[in-house]
1. Based only on the alpha carbon positions, what is the Kirkwood hydrodynamic radius of segment 176-219, in angstrom?
2. Can you list, largest first and rounded to whole Å, the semi-axes you get for segment 122-184 by taking the square root of 5 times each eigenvalue of its Cα gyration tensor?
3. Starting at the first residue of segment 91-103, write each ³J(HN,Hα) from the Karplus equation 6.51 cos²θ - 1.76 cosθ + 1.60 with θ = phi - 60°, in whole Hz, x for Gly and Pro.
4. Which is farthest toward the positive dipole end of segment 76-224 among P177, A216, T107, measuring Cα position about the Cα centre, with Cβ charges +1 (Lys, Arg) and -1 (Asp, Glu)?
5. Take the alpha carbon atoms of segment 167-214, find their center, do the same for segment 83-144, and report the distance between the two centers in whole angstrom.
6. Give me the number: length gained by fully extending K209 to Y54, i.e. 0.36 nm times residue separation minus the C-alpha to C-alpha distance, one decimal in nm.
7. Give, rounded to the nearest 20 debye, the magnitude of the charge dipole that segment 84-130 has about its Cα centre when Lys and Arg contribute +1 at Cβ and Asp and Glu contribute -1 at Cβ.
8. Determine the sum of side-chain charges near A150: Lys and Arg each +1, Asp and Glu each -1, restricted to other residues whose C-beta is under 12 angstrom from that of A150.
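The values are calculated or read from the model by the stated rules, or taken from the named source; none is laboratory data. Quantities reported herein were computed from a predicted structural model and do not represent experimental measurements. Reconstructed Cβ throughout: ideal geometry from the backbone, glycine too, with neighbour counts over all protein chains shown. Each accessible area value is taken on the protein alone, full model and side chains, heavy atoms only, with ligands, DNA and RNA left out. Shrake-Rupley method; radii C 1.70, N 1.55, O 1.52, S 1.80 Å.
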Amino acid sequence: MKLTQAFCMALLLLFPLVSTVQAEEKEPAALSEETFDLPGGKQMHFLLYLPKGYEEQEHWPLVLFLHGAGERGDDLSKVKKHGPPKLVENGQDFPFIMIAPQCPQGTWWITEDLVALMDHIVEIHNVDESRVYVTGLSMGGRGTWQVAGAMSDKLAAIAPICGPSQVEVVEKIVNIPTWVFHGAKDPVVKVSQSEEMVKLLKEKGGNPKLTIYPEALHDSWTETYDNEEVFKWLLSHQLPKKEDEAKPE
């Protein structure tokens, strides 16, 4: 009888441990809230997503997501309203690191701040520098064009969605694989803005893709980010690795 009681006690002690391990294995993907100190005493708040098995792999792709004007402020939960952060919040797993900063209320994306954040993440996380991508919607689509212009030699591909055109960056980004999305009936940012960028890139020798949703208004991002082919397309592009560039022919 004493042996039976001892055995039962051992099982009771073991079950919580087993339950804890199972809970850890089934724990959904999570977004952590982070803060980055910018020059001049400013701070940038952002969401960070690390893929499952992060510690088990030496290098991961990195995706920067830029939200639209409606998600500005000092409440990072607003950044989860659209795009990849929304998908992660709903339980989707991605095979890349993602950062989603929040733009302060009443301001626009500041390119040099975003570049500084990207450089910081590359420095402290297991980032594959040959597979860095930027995507964003509306104001974030504009930001995508701007960041691409500032980091044209560091980005493997971009996917701007319904963003105002930034013609001044065309010559800098002509060689970046680009997939542009827009709603044909967008009353906020006219589809001609994206069409102009695609036209200019093609005139300079680029080969951008353009997807126009015939019935979509300003929200052309939901259908875009719900399409897993968009992420597959981004991740299919890779810059020559630095060690490859250094090899003699």
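1. Numbers: mean 1/r = 0.0942 Å⁻¹.
Mean inverse Cα-Cα distance, inverted, gives 10.6 Å.
2. Details: eigenvalues 86, 34, 19 Å².
Whole-Å semi-axes of the equivalent ellipsoid: 21, 13, 10.
3. For segment 91-103, the Karplus-derived couplings read x, 7, 9, 10, x, 7, 6, 10, 10, 9, x, 10, 7 Hz, x marking Gly and Pro.
4. So the residue furthest toward the plus end is A216.
5. 20 Å
6. Details: separation 155, 0.36 × 155 = 55.80 nm, distance 3.14 nm.
Length difference between fully extended and current span is 52.7 nm.
7. Numbers: 1 positive and 8 negative charges, 53 e Å.
Dipole magnitude for segment 84-130 comes out near 260 debye.
8. Numbers: positive: K154, K172; negative: E112, D113, D119, D153, E168.
Neighbourhood net charge equals -3.
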